[in-house]
1. Using a 1.4 angstrom probe on the protein heavy atoms only, could you order Leu227, Leu56, Leu15 from most to least accessible area?
2. Mind checking the angle between helix 2-15 and the chain's longest principal axis? C-alpha axes, 0 to 90 degrees, to the nearest 10.
3. With every protein chain kept in the model, how would you rank Glu97, Glu190 by accessible area, 1.4 Å probe, largest at the top?
4. Quick one: among Tyr13, Tyr171, Tyr122, which has the greatest mean-square fluctuation in a GNM of the chain with alpha-carbon springs under 10 angstrom?
5. So what J values fall out for the stretch 47-57 if you push phi through Karplus, 6.51 cos²θ - 1.76 cosθ + 1.60 with θ = phi - 60°, rounded to Hz, Gly and Pro as x?
6. Kirkwood Rh over Cα pairs of the stretch 7-143 into Stokes-Einstein at 4 °C, 1.567 mPa s: D in µm²/s?
7. Could you work out which residue, out of Ala41, Ala203, Ala217, moves most in a Gaussian network model of the chain, that is, has the largest mean-square fluctuation with Cα springs under 10 Å?
8. Amide H neighbours of Arg32 under 5 Å, at least 5 residues apart or on other chains, H built in the peptide plane: list them.
Amino acid sequence: RQRNLHEEVDWSYRLATPDERIAHRRLSVLPRPFTLDAAEAVCSIPPLRPGSALDLVGGLAHRSLLASARASRPGGGPTWFGQLDTIRAHARGALRESGEEEAVIRARTRWVVDRVAAAPRYGRPGQVAWFDWLDDNRATIDASLEEALDPGAPYRPSEELPFTVGRLVRYWIDRMHVVTGRRLVRLAAEVTWSDPLAAAASAVALGAIQAVDQDMAAARPRLLAALPA
């Protein structure tokens, strides 16, 4: 049965246009559900053109290589997309064979780091819309950070990740995603950062989560030690 499913996916894949085949492979680094915004991040690397994700995602959905659903949120939300498990396995295998797996993972991580860095500060106009955007893209953001913070990660954007994690702490607390936040700040804290400010940012993120957990005995010294940096 698995062999037949793989052959069906491969048949649809071979019928796709060259650009759709590239997009099919690259979208395998995005866990479902992902947004068109996330798809654009991995579909903007040459030879694909920036702004082509809408047509490519539409073409793949038409060929049943992508499933789609509407995000459930009061007032509406974006359309979500995702590859079914068999399709995702085929696409990831094709991505490895293409030799561009690391470049695509690099683009996905860079997208997360840049978008979080450009976010409005806490309490400023646009914060609610920003938190909604984070909710819509949670699967991609969580997977990107978890993979980038792994000791064997193929690509770690230097000392920027602790700041990315730190900027998300208030979101995790306000939107009740503390379990996710706890896991990611601990991963960041286990990395030895060469930049003292990056190390301090990692310590502050972990201290903030520990404070939310009412573990002030652990949080207070960690937060105080970060103050000089």
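1. Working: Leu227 130, Leu56 15, Leu15 95 Å².
Accessible-area ranking of Leu227, Leu56, Leu15, largest first: Leu227, Leu15, Leu56.
2. 80 degrees
3. On the way: Glu97 165, Glu190 140 Å².
Accessible-area ranking of Glu97, Glu190, largest first: Glu97, Glu190.
4. Maximum fluctuation in the GNM of the chain, among the listed residues, is at Tyr122.
5. Going residue by residue, I get x, 6, 9, x, x, 8, 4, 4, 5, 5, 5 Hz, with x marking Gly and Pro.
6. Numbers: Rh = 15.4 Å.
It comes out at roughly 84 µm²/s.
7. Between Ala41, Ala203, Ala217, it is Ala217 that shows the largest mean-square fluctuation.
8. Result for Arg32 returns Gln83.
The values are calculated or read from the model by the stated rules, or taken from the named source; none is laboratory data. On a predicted model such as this, the values are computed, not experimentally measured, just so you know. Please note: Cβ atoms are built from the backbone with ideal geometry, for glycine as well, and neighbour counts cover all protein chains shown. Surface accessibility is based on the protein's heavy atoms, side chains included, excluding ligands, DNA and RNA. Shrake-Rupley method; radii C 1.70, N 1.55, O 1.52, S 1.80 Å.
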